[in-house]
Each structure stands twice: as C-alpha cells, then as structure tokens.
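**Student:** First the structure, then my questions, so here it is.
The values are calculated or read from the model by the stated rules, or taken from the named source; none is laboratory data. This one's a predicted model, so the numbers in the text were calculated from it and none came from an experiment. As a convention, Cβ positions derive from the backbone with ideal geometry for all residues, glycine included, and neighbour counts pool all protein chains shown. Keep in mind that these areas ignore ligands, DNA and RNA; they rest on the heavy atoms of the full protein, side chains included. Shrake-Rupley method; radii C 1.70, N 1.55, O 1.52, S 1.80 Å.
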Protein chains: 4
Amino acid sequence: MQTAVFGASGYAGGEVVKIIDGHPEMSVGFLGAHSRAGVSLGSVQPHLGGGDRVLADNDPAQLPDDVEVAFLALPHGKSTETALSLRDRGIKVVDLGSDFRLDSNDRYLRGYGSDHPHPEQLADWAYGLPELFEVADEDQVAAPGCYPTAVLLAIAPLAAAGLVDQTSIVADCLSGVSGAGRSARDDLTFGAIAEGVRGYGLTNHRHRPEIEMGLELAGVPEPRVVFTPHLVPMLRGELATVTVPTDTDVETARSVLKEAYDASPFVSVIDTPPQTRWVVGSNQAMVAVWVDEWTGRLISQCGIDNLVKGAAGQAVQCANLMFGLPESTGLSTAGWMP
Amino acid sequence: MQTAVFGASGYAGGEVVKIIDGHPEMSVGFLGAHSRAGVSLGSVQPHLGGGDRVLADNDPAQLPDDVEVAFLALPHGKSTETALSLRDRGIKVVDLGSDFRLDSNDRYLRGYGSDHPHPEQLADWAYGLPELFEVADEDQVAAPGCYPTAVLLAIAPLAAAGLVDQTSIVADCLSGVSGAGRSARDDLTFGAIAEGVRGYGLTNHRHRPEIEMGLELAGVPEPRVVFTPHLVPMLRGELATVTVPTDTDVETARSVLKEAYDASPFVSVIDTPPQTRWVVGSNQAMVAVWVDEWTGRLISQCGIDNLVKGAAGQAVQCANLMFGLPESTGLSTAGWMP
Amino acid sequence: MQTAVFGASGYAGGEVVKIIDGHPEMSVGFLGAHSRAGVSLGSVQPHLGGGDRVLADNDPAQLPDDVEVAFLALPHGKSTETALSLRDRGIKVVDLGSDFRLDSNDRYLRGYGSDHPHPEQLADWAYGLPELFEVADEDQVAAPGCYPTAVLLAIAPLAAAGLVDQTSIVADCLSGVSGAGRSARDDLTFGAIAEGVRGYGLTNHRHRPEIEMGLELAGVPEPRVVFTPHLVPMLRGELATVTVPTDTDVETARSVLKEAYDASPFVSVIDTPPQTRWVVGSNQAMVAVWVDEWTGRLISQCGIDNLVKGAAGQAVQCANLMFGLPESTGLSTAGWMP
Amino acid sequence: MQTAVFGASGYAGGEVVKIIDGHPEMSVGFLGAHSRAGVSLGSVQPHLGGGDRVLADNDPAQLPDDVEVAFLALPHGKSTETALSLRDRGIKVVDLGSDFRLDSNDRYLRGYGSDHPHPEQLADWAYGLPELFEVADEDQVAAPGCYPTAVLLAIAPLAAAGLVDQTSIVADCLSGVSGAGRSARDDLTFGAIAEGVRGYGLTNHRHRPEIEMGLELAGVPEPRVVFTPHLVPMLRGELATVTVPTDTDVETARSVLKEAYDASPFVSVIDTPPQTRWVVGSNQAMVAVWVDEWTGRLISQCGIDNLVKGAAGQAVQCANLMFGLPESTGLSTAGWMP
C-alpha cells in the first residue's frame, strides 16, 4: 500500500517515514515538505538512511495516483485545506496535527483562540486513540496530541468507571523536547534546555480542551482538568502524573485498568513507576496506579514516547486499523534503553 | 569564625565547604568524612581546588577548640549522636540531614518508619527555613529537605492566609539527580538517568510529613498534601508545582506572596514560570502563581537549586542568622546559566 | 534458527536480544545471566517488553538442543571456558567480549597484562569486522571492540592502500557511556558523567593492540597507533577522529574509501563530519575524510553506535554471514534521531 | 573602578557581568546590547538577579565618564570600531572577540578569509593569556579564543623548551555548546545537540592560525598544528588533547610544565586526566601530560571552562593585571561539580 507523508522534514513526519520504511504492508510513495522542498531526504533527515529520495512540495496535487492513505505532520492550522483536498480525491487521511482533533467549534475556539475555518467538518473525524475509541473502517482520523494520549490512557478508564471525581483532575506532565517540534527557537537551544526544567502554558495550554473532550468521548460527564506541562532536558519521552480524589482502593483501580487494556498490544499496566526510558523508541504505553489513603487521592501515571505512541506510531496504528490490518503491524514494542 | 563540616565528601557537604571557602566571616576548620577519612579533600572533591586539606574522621572529639558552629551533612540517622555530642561541647549545630527536622516522634515514625532514638530532643530544634520561620539566636537548627523548601516557599504564605483549601494540596515536584546523593547505585548511573524521567516514592515519600509539619508551623490547620517527586536528567535544580482549590484571584495571591517575601533577599516573586536554570548555583528561590478559573485551582511554582537553597546555602543562611550576621553574607544570588 | 544469548542482563546482551527478537530468521532460545539469573527478563530489561521470559544461569549445559549459535556478551575473561564448551557441542559462537579478539599470546599480554588461558585457541577465531575481513562460513568469531571498529573503518583501507604513514597514526575517540557497561561504578553515576568530558586509558588502553592487529590483518605493515579515548555525556554513539601524515589528496582518499565500502550495506562515505546522532540505533557507520594541506595530514572520521555496529549489531551481522544469510537480515540502517 | 560591558546579552558578556558583580574592586557602570537594547538585564539574563538594570545600545558615546575599562563581548568583526573609539577616549579595552587577536593581516586573512579593516592596529594589542605572555600595564588586550587557551596551556611550555616536534602537533578538542554562542541556530537546538557528538571546521577552523601565532609568541619556530574541534552535549567545558612526537620522558615534561605554571594561581598540573567538570565555573585550568613510549608521542591535556578561563574569567584576569591588581581578584578557583 502506497502512502504519502506531508511534513516529512519535521520530527513527527520523519518518524512516520521511519516506521513506514520498516512496515511490511506500506511504502512511502510521496514525501512532502515546505521550506525544504526540493532537497534530498537524506540531507534533512540523515538518520533515515537509504537512497536518493527527494522532498516534494506539500502539495496534494502532486500525489501519485496509487497513494491510498496520507499522513499529515504539518504545523497547526496547515492541515485543513490539505486534508479536505485529499478526502475529495478519495484518499484516507491520518492527521497528526491539531486541526481536526476537537469535535466542535466551541471547543476549538477555547483551545486555539479562533474559529475553525471549516467547523462543519469537525464531526466527521474520528479521534484516533485506538485503546479507547473505535478507529476501524474510518476514512479520516485525527491522531491525538501527545499529552492527551498519556493523560487519557492514565485516567479515562478509571473516570469512565466512576471511580474518581472527574471534576477535580490534576494532570502534571513532563515532556522531552522533541514534543516542541524542530524549529530553531531561542527557547529550544541546547543552552536554554539542558540542565533545567520549566513549566509552560499554565492554565491555558491548548491540550486541556482536548483532554476534556477525550474524557467526554469516553463517557465521563463534565470533566474538569488542571493541566500543567513541563519541558525536561531529554529528547523524547512523556510522563503524565494524574492526581484525583477517589473512594476506591488500589486493587479495584488496577483491575479496571488491566481489564480496559487487556486486549491492547500497546498498553502495559505495571506495578512500579513507569520510566519513560522503558518506552522510548516503541509504541508502548506503561501505566501504573496508586491510591493514597492519607488524602483520599488516586494517582495514575502513564509513560509514552511522545513521537511514537504520542504521534507517528499512533498514526500508523490508526492506519493499520483503518485498512483492516493487525493493529501492531510494523510497530515495535521494544524500546531503546539504554 | 571557625566552622566544622561533617560529611565533606558528599555533594551537600562539598557545597558547604565551597560556600564557606568564599565566606568573608567563616572558615572551614575541620573536614570530616566516613569511608574517605584520611585522604585529601582534593582527591574526593577535585573542583574545590586549593590546598592540601585532608579529610578527618567524622568524629566530634577531633574538633579544634575554636570551632563555633558545625554543619552536619550526614546520611539519615547518622546525625543524632554527633549533634548531641557537639551541643554538649557548646558548639552550635546546623544539621542538613533529616534527623531533627520533624517535631515529634509521631511524625518521625510516619516519615521514617521507626521511633526516633532521642524523641525528647526534637522540640529543641528550630526548623531552618528563614523566610518562614525564626532562626536568629537559635543554637541548633535543622535545615529543611529540598522538596519541603520548594513546596513551602510556593504555598505556605497562601495557605496561611486562608486563600486555598489546605486539605487538598497536590505537590508534583521535579528534582535534579544530585538530590539523591553521591552513592554509586544502579538506579543513579548515567545509563539509568539520562534521557528519561520517573516518579518515585509515590504516596510514601518521607518528605510529605515534613511538608505538612512546615504548613502547621506556618499556622495552617490540618494540612493534607499529595506529594509526588520525580527524578529528571539534570545535575541540579528543583521545581515544585503546587495545585490546590481556591476562591481567590491571581492578583490577591501574588500580592500575598510579594508581601510575604518582601524583606527576603533570596525569594523573588516573578510573573513567568520559574526555570531552574535561573537559580542553579545560587541561593535564590523563584516563585510564580496562577489562578485557573476554569477549575477554581491555584497553581504555584517554586524553583530552587536543591544543593544550595535546598541544602548547603540554606544551612549557611541559617548560620548567618544564628550568629547575627547579615542573612546573605557569603551567599550568591547569581546563578550559572548557561 | 534458535540462538542463545549469554550475559543478557547487560547493555550489549540486551541489545542482542532486541535485535534477534526482530530478526526474521532467528529466535532467542536461551537467555543467560550471572547475578540476575532466576529473575524475569522484563525486570532487568524493562524496555524489551514482551512475555514472561526468565533469565537462566550463564551455563552452557542448560542450553536447549536446538540452539545453533550462541552470542556471548560476558565480562572480559569470562568467555573463554563458555566458548570452548559450546564449540565442543558443535554450537557456533559469536563472542562480543575481548577473550578471543587478539591473535597471539604476545598481543594479549600487551593488551591485558596477563597470559591468555588458552593461547593455542587464539588462531582459530575469525575477527568479525565483515567490511574488512572474511567471516562467511566461520564457526567461531570474535566481534571487535567498539573503538577498533570505528578506527579501523576510518583508516584501514587508506593505510592498506599505502596512502598514509601507518607508523604515525593518532586516533582520538569519543564514546557514549554505555560503552563502559552497566555496572554501578562511582565514576559512571549521572553526577560523575553529565556536563563533563574526560580522557581515560591514555597510552595504555587495551584496544590499542587490537587496532594495530586489525591494521596488520588488513595488510598494513608495522602500524603504530596513539589511541586516546574519551567519555562524553551521552548514552550511545562513538566517533573516531584519525589523524595521520599523508602525501595523497582528498579525492584519492575518498575514492579509496568509496571503493572499499562500495558493496557494504552498512558503511556510508559522506562529505560532511559524521554525527553520531545519525547512526545511533542503527548498524550504520558513517565515514568522512579530509586532507589538510597546511600540515600534510589526512583526517578521517567514523561514527557508529557503540552498542550496535560496535557490538550487538555487528555480532548479528557476523552470524548472518556465518549461516549464509544476507548480511543485513534483521539489522536496521535507520537511526533514532532525534 | 567603573567598567563597561558591551554585548551583555550574550553568554560571554553575561559571564563578565556576573564576575564583575562579585569583584571587590570593579563595578559594572554600563551594559550594552544590540537587538536587546532597551530591555532589562533580568529579562535577558534572569540568572544574574538583582536590580532593575537596563541594557543600553552598544554605543561607546553613551558611556559614563567614569568608566576606566571596557569589556567587548561582540560578534566577530563588530569590535573594531568600538574598540578604536574607546581607545580614543582613553578607556582601556579588553576584547573578548577575535578582531584583534591575530598579529598581522596575513594571519588574519588566513584565519578569517578577508583583510583586517585596520591592519595597522594589530601590532598594538597584547595577546591576553597571562600565564604565557605579559599583560601588565597594557592598555588594549585581546583575550584569546577558548580553544587556543586550552591548547596553548597544554603545549606551549613544552614546545618552547624544545621537547616536542612543533611541526607535527595534533590538537583534538572538545567543547561544550556555550562556546558556539547564544544564537538560535538549527544546529544548536537541543534536538540537534543532545545525545550526539560531531566534529566541525575540520582543516579550516579560524582558531588554528591563532594557536600557531601563540606558539610563535612563546618562542616556538614554525609551528604546524592540525586542529580538530568537536561539539559535545554539555553546556560548558573544554578539553584539549594534544599529541606530538617527542624524545623526552614524562618526568621531564611534567617538571617543565610545573615550573612554567609554578607562579600561576590558575593552572594546576595534575597526575590524572583532567575532567572538565572539575574546572567548570572557575577560572582554573588543569593540565596533565603523558609520554607514550610505544609511539614516541607526548600527549598533553588541558581542561578549562570555555566561558571563564576561555573567555570572561580570562578577560577579568587581564584587566586585573592591566590595573595592577592581584591577578586573581574577583576570580574563583572553585568549580561547580556536581
């Protein structure tokens, strides 16, 4: 099956290319880029090795006819027109960006501060977190953000089971720097990142509405989430720590999680604090849960690789399901440590 | 003034030596160590430079007569006898360890899982967080743990002012690896730390009772704190993110903090998320506060250097006050970045 | 084909397991360990995911009958008896350790400071650097050290072609910390590694005799190499910078390298300084060469992943050739960046 | 004594400010910047703490009358006019940049690829490496580059004593990323630096002519140096490894170095490989030397902090000498480790 990757010069796009290059049923038939269009893939992504592939323009009109699915790894706001054009041509789309993740203009406005250019389209996109929501046979899927992936895997089954106070969720999250993308910004230089941590987007990060939407999709009424992301000095990996009032005990909580992910090849419920090193490089998520009796709080942690389970791997996982392939085709469960 | 440093071969002890070496009113008259006794300071702490100083045994009997104050940077449980012996000789003591931080055997039992060997002594020690508690003229001071320092500076004045629900405090904290000390443990190798984050001590970290005690000392009734520390791949620095229900607004919260720290040379209330890089190497703490109207939560962050404001710097700050010196004598407010 | 991995609890052994787990023609039929024998693989190598595999003793007697090849990832000096025992049973062996790399007792004595326990065996082992030496149809192969791999790939073809003064080779090398293995040593803690670089083994590193032997095997008479390794604060990756007097020009040097590696799937001759990030996670080596006319020196650099091309990947590459499989079976040429 | 710092928004300029802020005899009376002119120092250098200082334009005309010495930490090519204007006003100048380091237009042309705008001025500048050259009573001093500082401290006394073949020097150097300055470049993002090493400027780095000039100034005839710098993933620190043919023995070499630096407060000759962690944060240089009998090569290593001894600290050291102050006034010999 031929695929197209838009935004192949970025971190997430490059990761899609790497995964598809090793996928037994898919090939990359089109590589799109913006400012890097015209240069070789190898000069922009030297680690991807192999061949004399050249980046084309991010232009749907240039797609070969045999492309059946397109992965969009474009900056926020840049997916919309491309996705609609591809859909018009009958090509399935997995959008790794944020244009179609939210299900209503209201939520989009709250998350992004402006109206969606095509609000009438929002309802047609599936939210591509396959452990929680149906993706099979969909034609257009919006892959979740990395933070929502980790937070929802940590807490959605517990909230859906009514075990926690969903109006009082605190999600503190830690992310490797690749989550911020590949641009050369003052605040992303090595000198601005190494040997330091910092919070950002406090009280107004755009992933909060997405997390709350995900909880609602999972059947949780009126969730409210405090979401505080932090940047830590590592390339990859993301850890969500979710704290929430509860009346349950840890055995019940753990069994609910184990049942929820029993059939999932990519989520492990473990007994120790998940380390991001254990999942970096793989499509695995590791989840662990505690109940603190002193305060009546449940704490659930989830670790993922932000570029794999939080982006490119999840996108391919969705594509597998969209085309009836086994969910884990071409996806690794083995991480890189050390 | 001559001082003694016990545990001078560790990270915190070495930091005390470095600060005193640059202190205009104090000198290091005794250097104690355990397994490294008998070797030169330079072979164990090559960065401290200077001279042919040799580490003695951690034995109070060997102290020169002119030592007026001793800094104890010893493993948990090792300070007690040393401290009592020094006090018997009329030497003032600043304990950087945890033996005398808690104010009752009950709390000690809850934090450390065993009875204190001299519970009757606990009430005689001052808790050395000078921005919140009186230290001047004390003879024996227990310097707080690094996490309690950051968490208390972030939230104690707000809780003491009744602005937040003190029974529902969530403190997620991030620490550089030096906070775990200098021992060669499997889980502290570069290969076990770099490129990863992890929580630890969930629901049972010994700093939780200390944080709650600090809040009570500040006048906060019956505080309850969920405390979740994380280890991040950096040498130094600590960031506390405290989330708690509130009815107040951000202007009120900020003005309470500004007033609380108005006379403190080492705490800055700032308007942006504090980065640990800005304070690493200095005795500064940076605090910022937000109110999230969507959830009715206040979020307060505090960044410190765990080895300076969280250990050695704070210990010297206490000693300055104990001897009537200006609080900031010999202490830097300039960090190292980059 | 069933394989055995001895030393599966270490970094190199774990990497062999990961590669074989993804190998289409090989399976891991035996997992050996020393102090960790009896525990689950997942508890020691949490990133390897999957299953309830348990580590057995590093005891050849426990091998299932269908094992055809064994990979030894054991500490120096520990391979000899195991390898000989396996050979007696007709099992092919790839030794990732240093016991059988050197071709004579003299050289072994110079490298390791003691006589080899079975010097008569040394001549029977092939030196498994397939880009330079024949490995096909061998039964027992010693995979090279990580530094010799990088240095020899950088300079052997140029020295063999007589383009440089082989008596005057300077090899300065940089290695990620995983090259030092997984033990919990004082000098390998995060606190001893992060934010610093250092040389080690100056003038007496055991890899120098191995490099000189590799040059001799490649047909270079009486080579002399100054070898200075350095440890840098990263998990993986190795860069060799080789400087040597020359009379040639850069075009000639580059064409000799390109010809030497023309048929090699794993060595790329590039035009820019190789970055270890481009090869980390893959079995690729990247080589670039310069001629400095001002000094009459040729400079050649080679970057590899010390655990893959410098250890586990190269071992599997050798095993592929030993069994007549395509050289690159189960080995990736795509790196991890970022 | 009032001082001026031009380029106070960069890494080196900020470091000068930090040192002078702690200097007992100097104060910062002027802070200049280019694009950041008009904003507060605290917003650009939050770690420097203290006060409401505002950055002015990098304009000599704006200097208060009482400024006696100016430190220029400006990009290459930007110092010339400023320095000449300051000299016209009778203000002493220490240039941390590269405009006046080389002693002739020929050398400048070779290093920088263009003619110097004021070649007639070059002879009037002292080369400010006080351990090797006289700086006292100079009015205009060019502080050396970081690499030349480390390489010259490692090898100049040995070459000047005729102990090595100065036509055959190989200098492989490793630098932390702050050496590349503070600009937001694609190749300096965390994602481009972490977990990787790379050489750069092979055969054509502009510091080579400066190193050779320094050797000539030290009395070494016709030196030739292969200079290969590498970037390693750390913020600070620089290590030079210099390899060169020799007929001497290690005792002679070490005694020459010890004698050369006997009176220097900032250079330690040690017996073990210098670790950059031991000197980072201080103005110390650590030097160690080996002789490899197998190859007849001497190897000398020098570790420094590129921003202190390699830039700002050395500049202040020069200024101390220019004004007759003790050389080490206001400069630390204690590093930051860990």
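**Student:** Between B:Asp57 and C:Asn204, what is the label-to-label distance in nm when each label sits 7 Å out along the Cα-to-Cβ direction?
**Tutor:** It is 3.3 nm.
**Student:** Where is the GNM fluctuation largest for chain C (alpha-carbon springs, 10 angstrom cutoff): C:His47, C:His76, C:His205?
**Tutor:** Judging by the Gaussian network model, the answer is C:His47.
**Student:** Per residue, what accessible area does the range C:79-148 have, given a 1.4 Å probe and all protein chains present, in Å²? Display every interim value, and only then the final one.
**Tutor:** On the way: 2600 Å² over 70 residues.
Per residue, the range C:79-148 has an accessible area of 37 Å².
**Student:** Helix A:250-260 versus the longest principal axis of chain A: what angle, 0 to 90°, nearest 10, using Cα atoms?
**Tutor:** Value to nearest ten degrees: 30.
**Student:** For D:Glu251 and D:His76, FRET efficiency with R0 = 45 Å and r from the beta-carbon atoms, rounded to 0.05?
**Tutor:** 0.60
**Student:** Of the candidates A:Val197, A:Val267, A:Val164, which one comes out as most mobile in a Gaussian network treatment of chain A with C-alpha springs shorter than 10 Å?
**Tutor:** A:Val197
**Student:** Then there's this: Given H placed 1.01 Å from N in the peptide plane, which residues other than close sequence neighbours of A:Arg198 have an amide H under 5 Å from its amide H?
**Tutor:** Under 5 Å from the amide H of A:Arg198 lie the amide H atoms of A:Leu231, each far enough along the sequence or on another chain.
**Student:** Where both residues lie in the range D:167-265, what percent of DSSP beta bridges are antiparallel, nearest 5?
**Tutor:** 55
**Student:** Can you list the residues, at least 5 places off or on another chain, whose amide H is less than 5 Å from the amide H of B:Val267, using H built in the peptide plane?
**Tutor:** Distant-sequence amide H within range of B:Val267: B:Ala285.
**Student:** Report the percentage of all Cα-Cα pairs in the range C:229-301 whose separation exceeds 20 Å, rounded to a whole percent.
**Tutor:** 35
**Student:** Let me ask another. Quick one: work out the % antiparallel among DSSP beta bridges in chain B, nearest 5.
**Tutor:** Taking every DSSP beta bridge with both residues in chain B, the antiparallel ones total about 45 percent.
**Student:** Would you mind computing Rg(Cα) / (2.2 N^0.38 Å) for chain A, counting N as its residues? Don't skip to the answer; put the middle values down first.
**Tutor:** On the way: Rg = 19.2 Å, N = 338, 2.2 N^0.38 = 20.1 Å.
Rounded to two decimals, the normalised Rg is 0.95.
**Student:** A further question follows. Pop out the Kirkwood hydrodynamic radius of the range C:1-137 from its pairwise C-alpha distances, inverse of mean 1/r, in Å to one decimal.
**Tutor:** Across the range C:1-137, the inverse of the average 1/r is 15.6 Å.
**Student:** Only counting protein heavy atoms at a 1.4 Å probe, give the residues of the range C:168-193, ordered by number, whose accessible area falls by 20 Å² or more when the other protein chains are present relative to the chain alone.
**Tutor:** Buried by the other chains: C:Ser168, C:Val170, C:Asp172, C:Leu174, C:Arg182, C:Ala184, C:Asp186, C:Leu188, C:Thr189, C:Phe190, C:Gly191, C:Ala192.
**Student:** Additional query: What is the dipole size for the range B:146-308, taken about its Cα centre, with +1 at each Lys and Arg Cβ and -1 at each Asp and Glu Cβ, in debye to the nearest 20?
**Tutor:** Approximately 600 debye in magnitude.
**Student:** What's the Kirkwood radius of the range B:1-53 in Å, using all Cα pairs? Spell out each step's value before the answer.
**Tutor:** Working: mean 1/r = 0.0912 Å⁻¹.
When all Cα pairs of the range B:1-53 are included, the Kirkwood radius is 11.0 Å.
**Student:** What list of whole percents do you get for P(r) of the range A:146-308, with Cα-Cα distances grouped in 10 Å bins up to the one holding the largest distance?
**Tutor:** Result returned by the calculation: 11, 40, 35, 12, 2.
**Student:** Can you tell me the alpha carbon radius of gyration of the protein assembly as shown divided by the globular rule-of-thumb value 2.2 N^0.38 Å?
**Tutor:** Working: Rg = 31.2 Å, N = 1352, 2.2 N^0.38 = 34.1 Å.
Ratio of Rg to 2.2 N^0.38 Å for the protein assembly as shown: 0.92.
**Student:** Continuing with the same structure: Rounded to the nearest 100 Å², what's the accessible area chains B and A bury against each other, both chains counted, probe 1.4 Å? Working shown, then result.
**Tutor:** Details: alone 14160 and 14150 Å², together 24320 Å².
That pair of chains buries around 4000 Å² in total.
**Student:** Which part of the range A:18-48 falls in the paramagnetic zone of C:Lys258, meaning amide N under 19 Å from the point 7 Å along Cα-to-beta-carbon?
**Tutor:** Only A:40-43 fall inside the zone, counting backbone N under 19 Å.
**Student:** In this model, which of A:Lys18/A:Lys309; B:Lys18/B:Lys78; D:Lys18/D:Lys258 are farther than 19 Å apart at the alpha-carbon?
**Tutor:** Where the Cα-Cα span goes over 19 Å, the pairs concerned are B:Lys18/B:Lys78; D:Lys18/D:Lys258.
**Student:** What does the accessible area of D:Trp290 come to, in Å² to the nearest 10, when a probe of 1.4 Å is used?
**Tutor:** D:Trp290 exposes around 40 Å² with every protein chain in place.
**Student:** Something else: In degrees between 0 and 90, to the nearest 10, how far off the longest principal axis of chain C does helix C:79-88 point, with axes built from Cα atoms?
**Tutor:** So the helix axis and the longest Cα principal axis differ by about 60 degrees.
**Student:** Next question, about the same structure. Once every Cα of the range C:254-338 carries one equal point scatterer and solvent is ignored, give the base-10 log of I(q)/I(0) from the Debye formula at q = 0.14, 0.21 Å⁻¹, two decimals.
**Tutor:** Log-scaled intensity ratios, in q order: -0.52, -0.98.
**Student:** Another question, then. Over the range B:171-233, what portion of Cα pair distances is larger than 14 Å, expressed as a whole percent?
**Tutor:** The calculated P(r) of the range B:171-233 puts 61 percent of pairs beyond 14 Å.
**Student:** Averaging the inverse of every distinct alpha carbon separation and then flipping it gives the Kirkwood radius. What is it for the range A:79-204, in angstrom units?
**Tutor:** Values: mean 1/r = 0.0588 Å⁻¹.
One over the average 1/r among Cα pairs gives 17.0 Å for the range A:79-204.
**Student:** At q = 0.15 Å⁻¹, what log₁₀ I(q)/I(0) does a Debye calculation on the Cα points of the range A:42-120 give, no solvent, two decimals?
**Tutor:** Here log10 of I(q) over I(0) equals -0.65.
**Student:** A further question follows. I'd like the distance between the alpha-carbon centres of the range C:55-123 and the range B:151-196, rounded to an integer number of Å.
**Tutor:** For the range C:55-123 versus the range B:151-196, the Cα centre distance is 47 Å.
**Student:** Can you work out ³J(HN,Hα) from phi for every residue in the range D:97-110, in order, using Karplus 6.51 cos²θ - 1.76 cosθ + 1.60 and θ = phi - 60°, giving whole Hz and x for Gly and Pro?
**Tutor:** Rounded to whole hertz, the list is x, 9, 5, 10, 6, 8, 9, 7, 5, 4, 5, 4, 4, 5.
**Student:** Moving on. I'd like the mean, over residues of A:291-300, of how many other protein chain beta carbons sit within 10 Å of each residue's own Cβ.
**Tutor:** Per-residue shielding by partner chains comes out at 5.
**Student:** Separate question: Expressed as an acute angle from 0 to 90° and rounded to the nearest 10, what is the orientation of the C-alpha long axis of helix C:146-160 relative to the principal long axis of chain C?
**Tutor:** It is inclined by approximately 40 degrees.
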